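The structure is given below, and queries will be raised subsequently.
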Amino acid sequence: MEKMEASTQLLSKRPELFLPEQWPSYYSHAKGVSVWDLDGREFIDMSYMGIGACVIGYADDDVDAAVKEAIDGGTMTTLNCPEEVELADLLCELHPWADMVRYTRAGGEALSVAVRIARARTGRDRVAFCGYHGWHDWYLAANLFEKDALGGHLLTGLEPSGVPSQLGGTARPFHFNQIEELEHLLGDHREEFAAIVVEPVRNFDPASGFLERIKEIAEEIGAVLIFDEVTSGFRLNTGGVHMVYGVSPHVAVFAKAMANGYPMAAIIGTGDVMQAAQSSFISSTFWTERIGPVAAMATIRKHKALDVSSHLIKIGQQVQDSWREAAAKTGLAVSVTGIPPLAHFSFDYPNGLAMRTLFTQIMLEAGFLATGAFYASYAHQEEHVIRYAAAVEKAFDEIAKAHEINEVENLLKGPVAHAGFYRLS
Ligand SMILES: Cc1ncc(COP(=O)(O)O)c(C=O)c1O
């Protein structure tokens, strides 16, 4: 088939981020950890597994059976589906500090709802945040106040075009584990902040006392603490990773892994904060369809019954070890970061991005979708990791040899990949 020019609405799926001009870009079907491109080539996905959504695996039989049954029973009517009540009970059971639940279908919009609720609850405008939380006005407004405020959290050079200039100063960033920075930005405006929004964990573990202190600060200043668990949720446990760290927020937001790739997101929170949603207008037709809650319940129940998170941790550790071992054997300087289910590595060289591009090129030829990140799924088995580890070692060896003679760029069959997301959080 003739190569299609790829364009995408999701930054993280851009082929230029992986392997410009060579990445397969489009798929015909997927199952377990395999993805077939439009030419019928099969690849084992050792990269982002549906940008972190497919935590059980592609086209999982159990989740899909529940969805198919829902389709046969009608997924949208004038009446509501009872599954959204069942799912709310399940989420509150997993997070006993939460009393109320709202739904959307995507992570960014769920964060927008959470911020709206916090603003409604407090009657304040400002939001202190750390990390990436979506594309909406409240978030991009950060770049109105400071030209490249999002440079250390998402991407450098993002123009907040289309975002009302009046929002300037309402969204203020700080860095993960940097309490002093947060204190400094709150400064003399403590009583103007509606919310503090953070991911409980991302590329680095929270420093001892960091989450606890953020909660104390939020309560001291009367702001709502929002944990963004869109990516961190359902990795180290069944539910929000904050349950592992023992710090509950006032609001937590889930999406991605909660429904194994079906669109679903939830905002859960304490009764007194969530009640404020009633005083605002937050409403959308497709937030009431049935597939999302059905897929979420099937995913969460399977996740819990099979202790999926233990598997994700084990597989993630094996993959992180495979990078470390291949680096040690080949003498390459490589940094391995991230919690095991959301693992990352980078080549610590000035041309590290070219090296990563070459890695993706070599791995693609060996039948793997691979880059500097590995998001584990329940469908990844040890046999995949063994095959992957052998291919990683060969790839690192080739890269090390090319590096020695300054040939990395010459071995690339296309341009160097773009850097993409830059997350310090
Ligand atoms: C932490 C975090 N928040 C929010 C989002 C946005 O979610 P969505 O892409 O579903 O809108 C993402 C997506 O990558 C994320 O990782």
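Ratio of Rg to Rh for region 53-94, alpha carbon only, Kirkwood?
Working: Rg = 12.5 Å, Rh = 12.1 Å.
Result for region 53-94 is an Rg/Rh of 1.03.
Kirkwood Rh, Cα Rg: Rg to Rh for the chain? Please list the in-between numbers first.
Numbers: Rg = 21.8 Å, Rh = 22.4 Å.
That ratio is 0.97, to two decimals.
Where in region 280-331 are there chymotrypsin sites (Phe, Trp or Tyr not before Pro) that are in a DSSP coil and have at most 12 other Cβ atoms within 10 angstrom of their Cβ?
Working: sites: Phe281, Phe286, Trp287, Trp323; in loops: Phe281.
Within region 280-331, the qualifying chymotrypsin sites (Phe, Trp or Tyr not before Pro) (loop, at most 12 other Cβ atoms within 10 Å) are Phe281.
Under a 1.4 Å probe, what is the accessible area of the chain per residue, stated in Å²? Before the final figure, lay out the partial values.
Working: 18120 Å² over 425 residues.
Here the per-residue accessible area is 43 Å².
For region 1-149, with equal point scatterers placed on the C-alpha atoms only and solvent neglected, what are the log10 I(q)/I(0) values from the Debye formula at q = 0.20, 0.21 1/Å, to two decimals?
For region 1-149, the Cα-only Debye profile gives -1.30, -1.33.
Taking the Cα atoms of region 112-176, report the difference between the largest and smallest coordinate on each principal axis, in whole Å and largest first.
33, 27, 16
Leaving out same-chain residues fewer than 8 places away, which lysines sit with a Cα under 27 Å from that of Lys215?
Answer for Lys215, where 27 Å is the Cα cut-off: Lys256, listed by chain and number.
Connecting C-alpha atoms closer than 10 Å in a GNM of the chain, tell me which of Ile313, Ile71, Ile339 has the biggest fluctuation.
Ile71
For region 143-207, what are Rg and Dmax over the alpha carbons, in angstrom?
Both quantities, over Cα of region 143-207: 12.9, 37 Å.
Oh, and also: For the pairs Lys13/Lys413; Lys31/Lys314; Lys329/Lys413; Lys302/Lys394; Lys13/Lys302; Lys13/Lys304, flag any whose C-alpha to C-alpha distance is greater than 31 Å. Write out the running numbers ahead of the final one.
On the way: Lys13/Lys413 20 Å; Lys31/Lys314 21 Å; Lys329/Lys413 26 Å; Lys302/Lys394 36 Å; Lys13/Lys302 27 Å; Lys13/Lys304 29 Å.
From the list (Lys13/Lys413; Lys31/Lys314; Lys329/Lys413; Lys302/Lys394; Lys13/Lys302; Lys13/Lys304), the Cα-Cα distance tops 31 Å for Lys302/Lys394.
Next question. As a test, work out the antiparallel percent of DSSP beta bridges whose residues both lie in the chain, rounded to the nearest 5. Please list the in-between numbers first.
Numbers: 24 of 40 bridges.
Percent antiparallel among DSSP bridges in the chain is about 60.
Mind jotting down the distance between the C-alpha centroids of region 348-416 and region 48-73, whole Å?
Using only Cα atoms to place each centre, the spacing works out to 29 Å.
On the accessible surface of the chain, probed at 1.4 Å, how many percent belong to carbon and sulfur atoms? Walk me through the intermediate numbers first.
Values: 9280 of 18120 Å².
On the chain, the fraction of accessible area on carbon and sulfur atoms equals 51 percent.
The values are calculated or read from the model by the stated rules, or taken from the named source; none is laboratory data. What you see is a predicted model; the values in this text were computed from it and never measured. Note: ideal-geometry Cβ built from the backbone for every residue, glycine included; neighbour counts use all protein chains shown. Protein only, heavy atoms only, side chains kept; ligands, DNA and RNA dropped before computing areas. Shrake-Rupley method; radii C 1.70, N 1.55, O 1.52, S 1.80 Å.
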